[in-house]
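Shown next, in structure tokens, is the structure this report addresses.
The values are calculated or read from the model by the stated rules, or taken from the named source; none is laboratory data. Quantities reported herein were computed from a predicted structural model and do not represent experimental measurements. Here the Cβ positions follow ideal geometry from the backbone for every residue, glycine too, while neighbour counts run over all protein chains shown.
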Amino acid sequence: MKTLAHDHLMTLALDVGFADMVTIGATPAGLRRIAPVTGGSFSGARLRGTVSGGADWVVNRADAVMVIDVRLTLRTDEGVPLYLAYTGRFLAPPETMARFARGAQLGPDDYSLAVTARLECGDPRHAWVNDAVIAGTGTQTSSGVIYELFTIG
């Protein structure tokens, strides 16, 4: 059996404006909300910089799964802009999701947060990101989320 080769790409720490979250309401897909990403940072062996902004288009489905759809603008320490988009899911038992919805800080063993991501860049110095296959996991914090992102293959 072949194993899945992976390398750590970056740690991505996001500041989320929970107080400024916009609730669209119940839609056919579920409860739709938009959470602004107000800042943050990222660091890895090949990329390091700050998060300029973005948002998470969140849907809480009827089966208690939270679907995330995030789009961000990053800026490397060299001043190179990057586009980062990722989708994924936040899984937890219904009672844990209810606590989370009330603003509770969950422990890392209370849930599973997994994403797949893509990066885009027009600068030749970081053009390699355009072909990267990226997956990661996340951990809730009091101010947002910290992701560990990995390139696959």
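Residues that are under 17 Å from the mean Cα position of the chain (by Cα) and of a type in the set (A, V, I, L, M) within the range 117-128 comprise Ala117, Leu119, listed in sequence order. On inspection, Met1 fails the criterion of being over 21 Å from Ala117 (Cβ atoms) and buried (at least 18 other Cβ atoms within 10 Å of the Cβ). Consider the range 129-147 and keep the residues that are out of contact with any Leu (no Cβ under 8 Å at 6 or more places or on another chain) and at pLDDT 95 or above. The one that is surrounded by the most Cβ atoms within 10 Å (Cβ to Cβ) is Val133. All of (1) surrounded by fewer than 17 Cβ atoms within 10 Å (Cβ to Cβ); (2) in a strand (DSSP E or B) hold for Arg46 with one exception: (2). Working only within the range 17-30, note down all residues that are surrounded by 14 or more Cβ atoms within 10 Å (Cβ to Cβ) and at pLDDT 95 or above. Once the filter is applied, which keeps residues that are surrounded by 14 or more Cβ atoms within 10 Å (Cβ to Cβ) and at pLDDT 95 or above, the range 17-30 yields only Gly30. Considering only residues in the range 60-73 that are farther than 18 Å from Ala117 by Cα and aliphatic (A, V, I, L, M), the one that is surrounded by the most Cβ atoms within 10 Å (Cβ to Cβ) turns out to be Ala64.
Taking the conditions (1) surrounded by 14 or more Cβ atoms within 10 Å (Cβ to Cβ); (2) under 15 Å from Gly138 (Cβ atoms) in turn, Asp109 satisfies each one other than (1).
Scanning the range 74-89 turns up no residue that is under 18 Å from Ser142 (Cα atoms), over 12 Å from the mean Cα position of the chain (by Cα) and surrounded by 15 or more Cβ atoms within 10 Å (Cβ to Cβ).
Among the residues making up the range 113-128, a single one is of a type in the set (Asp, Glu) and either within 15 Å of Arg71 (Cα to Cα) or loosely packed, with under 12 Cβ neighbours inside 10 Å (or both): Glu120. Only one of Thr139, Thr151 is within 19 Å of Ala35 (Cβ to Cβ) and within 16 Å of the chain's Cα centre (by Cα); which? Checking each option against the conditions leaves just Thr139.
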